[in-house]
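Asker: Take a look at the following structure, please.
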Amino acid sequence: MHVHSICSDGTHKPVELIDLAKKQNLQGISITDHDTVSAYTKELFEYAKSQDILLLTGVEFSTHDGDCGVHILGYDIDPRHPDILKFCEAHQKRREERNQAILEKLKSKGFAIEQNELEGMGRPHIAKAMIQKGYVRDFKEAFDHYIGDDGPCYVRGEAFTVEETIRIIHAASGQAFLAHPILIEKRGIIERLLKKGFDGIECYYAKSTNDQTRKMLKMAQKYQLKISGGSDFHGDNKPYLPLGAAFVTEENFFPLYNNSKKWINTPF
């Protein structure tokens with residue numbers, strides 16, 4: 001669970017993720033691209049079925065709660081639901097506008113990059129273009145010195161609320177999970193967020209320590225939330241997060257795998 005494809009900021013095609021899952025002896029995956037469900041096609045469901053890989057529908061939305069950036073995973077959603085599609089369109093527009101603002105800031109520093117030169121909509125794609133043009137040596141330099149959250153060329157863009165995002169996920173028959181809470185520094189913020197109507201929390205994460213995982217599991221128990229987990233795999237863009245680096249058991253997976261089952265045998 002929690003895997004990204006080329007439809008957002010990963011480097012693998014959706015069908016390639018199915019092949020990788022098979023190679024890693026996983027029983028199922030969820031492709032949770034940022035702000036898009038375009039990975040979910042009839043062909044993908046058919047291919048996953050042919051490879052005996054369970055495909056759980058998913059998406060990852062960026063939101064803000066005050067000054068805190070919050071990522072929300074929507075699992076078992078209807079990928080054709082009009083509210084989800086409309087929300088994804090709004091996010092894509094937000095990304096285009098934010099990217100343009102970032103490119104303008106980079107241009108003011110002598111780094112000329114056009115929107116049509118980007119291979120995708122995420123900051124990793126901007127970083128890749130910077131590397132290809134010889135402006136920086138690697139992703140680390142691009143983010144540390146220019147486009148990271150504290151960088152001089154960073155632009156936050158329009159913010160969507162946590163509450164609005166959860167409402168839309170629920171409208172599409174999905175379940176909303178707080179993504180990688182270990183990346184939120186203050187425990188008080190996590191607890192405040194979990195009172196906003198989440199269905200679950202990502203307790204297992206590729207970079208979690210055993211102590212962090214235990215704390216998140218206790219929090220799930222405290223708020224009676226479901227448990228998810230995943231590697232946050234992005235392929236070559238984040239080679240330090242390999243597929244299968246974090247996973248859940250059938251006990252955690254199948255309570256989320258309700259609506260997704262119908263796409264196996266239903267015309268898409």
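Read-outs throughout are calculated quantities, based only on the coordinates presented, and are distinct from any laboratory measurement. Note that the coordinates shown come from a computational prediction; the quantities given were computed from them, not determined experimentally. Neighbour counts run over all protein chains shown; Cβ positions are idealised from the backbone, glycine included.
Asker: Can you order the peptides 103-111, 122-130 by their average number of other Cβ atoms within 10 Å per residue, highest first?
Answerer: In decreasing order of mean packing, 103-111, 122-130 become 122-130, 103-111.
Asker: A further question follows. Per the Kirkwood definition applied to all pairs of different Cα atoms, how many angstroms is the hydrodynamic radius of the stretch 128-268? Please report the intermediate quantities before stating the final value.
Answerer: Working: mean 1/r = 0.0568 Å⁻¹.
Mean inverse Cα-Cα distance, inverted, gives 17.6 Å.
Asker: Any chance you could run the full-extension gain for K109 through K218? It's 0.36 nm times the residue separation minus the Cα-Cα distance, nm to one decimal.
Answerer: 34.6 nm
Asker: Oh, and also: Taking a quarter of the surface of the convex hull around the Cα atoms of the stretch 93-147, what do you get in nm²?
Answerer: Convex hull of Cα atoms, orientation-averaged projection: 3.3 nm².
Asker: Considering amide H positions built from the backbone, and no H for Pro or chain starts, which residues 5 or more places from G28, or on another chain, come under 5 Å of its amide H?
Answerer: Under 5 Å from the amide H of G28 lie the amide H atoms of L54, each far enough along the sequence or on another chain.
Asker: Same structure, new question: Through the Karplus equation 6.51 cos²θ - 1.76 cosθ + 1.60, θ set to phi - 60°, convert the phi angles of the stretch 246-261 into ³J(HN,Hα) values in whole Hz; use x for Gly and Pro.
Answerer: For the stretch 246-261, the Karplus-derived couplings read 9, 8, 10, 8, 4, 4, 8, 6, 5, x, 9, 9, 10, 5, 4, 4 Hz, x marking Gly and Pro.
Asker: Whole-Hz ³J(HN,Hα) for each residue in the stretch 30-41, computed from phi via Karplus 6.51 cos²θ - 1.76 cosθ + 1.60 with θ = phi - 60°, x for glycine and proline: what do you get?
Answerer: Computed from phi, the couplings for the stretch 30-41 are 10, 8, 10, 5, 5, 6, 7, 10, 5, 5, 7, 10 Hz.
Asker: Let me ask something additional. What do you get for Rg/Rh over the chain if you use C-alpha atoms and the Kirkwood form of Rh? Walk me through the intermediate numbers first.
Answerer: Details: Rg = 18.1 Å, Rh = 19.0 Å.
Rg/Rh for the chain comes to 0.96.
Asker: Return the Rg/Rh ratio of the stretch 45-162 with Cα-based radii and a Kirkwood Rh.
Answerer: Rg divided by Rh gives 1.05.
Asker: How far is the Cα center of the stretch 20-86 from the Cα center of the stretch 151-194, in Å?
Answerer: Spelled out, the Cα-based centre of one part sits 16 Å from the other.
Asker: For the stretch 1-93, state which trypsin sites (Lys or Arg not before Pro) are in a DSSP loop and have at most 15 other beta carbons lying within 10 Å of their beta carbon. Before the final figure, lay out each step's value.
Answerer: Numbers: sites: K22, K23, K42, K49, R80, K86, K93; in loops: R80.
Sparse-neighbourhood loop trypsin sites (Lys or Arg not before Pro): R80.
Asker: Same structure again: Once you put a point 7 Å from the Cα of D65 and another 7 Å from the Cα of K49, both along the Cβ direction, what distance in nm separates them?
Answerer: 3.9
Asker: Quick check on packing: order 156-162, 218-224 by the mean number of other C-beta atoms within 10 Å, highest mean leading.
Answerer: 156-162, 218-224
Asker: Okay, next question. Taking only DSSP H segments of four or more residues, each worth -39500 (n - 2.57), what value at 222 nm results for the chain once the sum is divided by all its residues, to the nearest 500 deg cm²/dmol?
Answerer: For the chain, the value works out to -11000 deg cm²/dmol.
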